[in-house]
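So the structure is just underneath, and the comments pick up after that.
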Amino acid sequence: GRSIEEIATERNLKPGTIMSHLVEVIEAGETLDVERLIEPARQKIIFNALQQVGGDALKPVKELLGDEYSYDEIRLVRALMRRLS
């Protein structure tokens, strides 16, 4: 129930490291309530951008979505997509 930043502080890690761990957990098939981290509406927009761009590269998706969306959000949604496929 904690934020990425709170977990990172508690474990003396960087938020990016925590995000990498979450992506690994999702891709390994573990259930994670991503809605606590990214609103469903934002997830859908990212999902659609990932499908539109195709491939695994994050940069083209980030460029399409702009600064309103973070690389971390895109990585999480991509991990969900990978798990579902």
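Remark on the chain: Rg and Dmax equal 12.7, 38 Å (Cα only). Mind checking segment 1-48 for GluC sites (Glu not before Pro) that DSSP puts in a loop (not H, G, I, E or B) and that have at most 12 other Cβ atoms within 10 Å? Sites meeting the loop and neighbour criteria: GLU30.
Remark: segment 11-28, residue by residue, has Karplus-estimated 3J(HN,Hα) of 9, 6, 10, 7, x, x, 5, 4, 4, 4, 5, 5, 4, 4, 5, 5, 5, 7 Hz, where x stands for each Gly or Pro and the curve is 6.51 cos²θ - 1.76 cosθ + 1.60 at θ = phi - 60°. Per residue, the average separation of C-alpha pairs within less than 8 Å and at least 6 apart gives segment 8-77 a relative contact order of 32 percent.
Heavy-atom surface analysis with a 1.4 Å probe gives the chain a carbon and sulfur content of 47 percent of its accessible area.
The values are calculated or read from the model by the stated rules, or taken from the named source; none is laboratory data. All of these numbers come straight from a predicted model, not from anything done at the bench. FYI the Cβ positions are ideal-geometry reconstructions off the backbone, even for glycines, and counts take in every protein chain you see. Please note that ligands, DNA and RNA were not included when accessible areas were found on the heavy atoms of the full protein model with its side chains. Shrake-Rupley method; radii C 1.70, N 1.55, O 1.52, S 1.80 Å.
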